Amino acid sequence: MMLSSFFEDLTKAYQAELEDLQSDSEGNDILTSRLKSKRAQFAPMMPMIEIAPEMVAVAFHGGIDFINPQALTMLLSEEPDDFPSWAEVADAVQFEAWAQKLADVALQEPGGERFLITTICLEYMHEKSNGNYQGAYQSAHGESDDAVDEVESDDDEDDRDLEVEGADWLAEQGFERLG
């Protein structure tokens, strides 16, 4: 998968933002409560969508179903100036009800369409790289197990590449490598 330089940089920042929200200083998992807080403060964070979209995009974490992964994969190779309109992309995803309310707020903002496209791509990459993506598209379109095995084999290679890149990035930030 070819990532544009925009998504290459932002994917790392998005992952780091989620990791920062994950636990408190004592190591307790508090991601759920921190995401709830982000969602409650979503509207006041709108001025940040242009300068730090990853800090706002995390509010959507866990609230997007990916209907058309092929469309999202294609978007990941694009720079923001080349993004299509939101209307052309909207059918590629399905928001949970609470996330749809956030999307409606974002669409009222200048740059809201670009932000939503960025958000769905970041969340898609996160889910895919962490092995959480369940392939709703495959289930809905009845692909055979053989086709899925082939795709999963390719995805395993992509996942390993992302793991190596992630480990390299963490090492650059001063963290020790595990294993």
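Couple of notes before you dig in:
- Residue within region 39-54 that is in contact with a helix residue (DSSP H, G or I) (Cβ under 9 Å, 6 or more places away or on another chain), among the aromatic types (Phe, Trp, Tyr) and part of a helix (DSSP H, G or I) present: no
- Residue among HIS126, HIS141 that is surrounded by 13 or more Cβ atoms within 10 Å (Cβ to Cβ) and either modelled with pLDDT under 95 or aromatic (Phe, Trp, Tyr) (or both): HIS126
- Qualifying residue in region 103-114 (condition: without any contact (Cβ under 8 Å) to a residue 12 or more places away in the chain, closer than 19 Å to LYS38 by Cβ, surrounded by fewer than 17 Cβ atoms within 10 Å (Cβ to Cβ) and among the small types (Gly, Ala, Ser)): no
- Count of residues meeting criterion [acidic (Asp, Glu) and over 16 Å from the mean Cα position of the chain (by Cα)] in region 63-110: 6
- Matching residues in region 1-33 - criterion: being among the charged types (D, E, K, R), over 23 Å from VAL105 (Cβ atoms) and touching a residue at least 24 places away in the same chain (Cβ under 8 Å): LYS12
Each row is one residue, and each column tells you yes or no for (1) crowded, with 16+ Cβ neighbours inside 10 Å; (2) at pLDDT 95 or above.
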{"position": "THR32", "(1), (2)": "no, no"}
{"position": "LYS36", "(1), (2)": "no, no"}
{"position": "PRO53", "(1), (2)": "yes, yes"}
{"position": "ILE64", "(1), (2)": "yes, yes"}
{"position": "ALA87", "(1), (2)": "no, yes"}
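- Unmet criterion (only one of (1) closer than 22 Å to LEU31 by Cα; (2) assigned to a helix (DSSP H, G or I)) for ASP65: (2)
- Scope region 104-121; condition assigned to a helix (DSSP H, G or I) and closer than 25 Å to SER5 by Cα; matching residues: ALA106, LEU107, GLY112, GLU113, ARG114, PHE115, LEU116, ILE117, THR118, THR119, ILE120, CYS121
- Pairs, first in contact (Cβ under 8 Å) with a residue 24 or more places away in the chain in region 75-86, second surrounded by 13 or more Cβ atoms within 10 Å (Cβ to Cβ) and among the basic types (Lys, Arg), C-beta under 6 Å, six or more apart: PRO80/ARG114; PHE83/ARG114
- Tally, over region 34-61, of residues that are over 13 Å from TYR14 (Cβ atoms) and in contact (Cβ under 8 Å) with a residue 40 or more places away in the chain: 6
- Restricting region 1-30 to residues that are part of a helix (DSSP H, G or I), over 14 Å from the mean Cα position of the chain (by Cα) and not polar (S, T, N, Q), the residue that is surrounded by the fewest Cβ atoms within 10 Å (Cβ to Cβ): ASP20
- Restricting attention to region 1-29, the residues that are touching a strand residue (DSSP E or B) at 6+ places or on another chain (Cβ under 6 Å) and not charged (D, E, K, R) total 1.
- Qualifying residue in region 160-175 (condition: at pLDDT 80 or above and of a type in the set (Gly, Ala, Ser)): no
- Test for ASP65: is it within 19 Å of HIS126 (Cβ to Cβ) and free of Cβ contacts under 8 Å to residues at least 24 places away in the same chain: no
The values are calculated or read from the model by the stated rules, or taken from the named source; none is laboratory data. Owing to the predicted nature of the structure, the values given are computational and were not obtained by experimental measurement. A quick note on method: Cβ atoms are made from the backbone with ideal geometry, for glycine too, and the neighbour counts reach across all protein chains shown.
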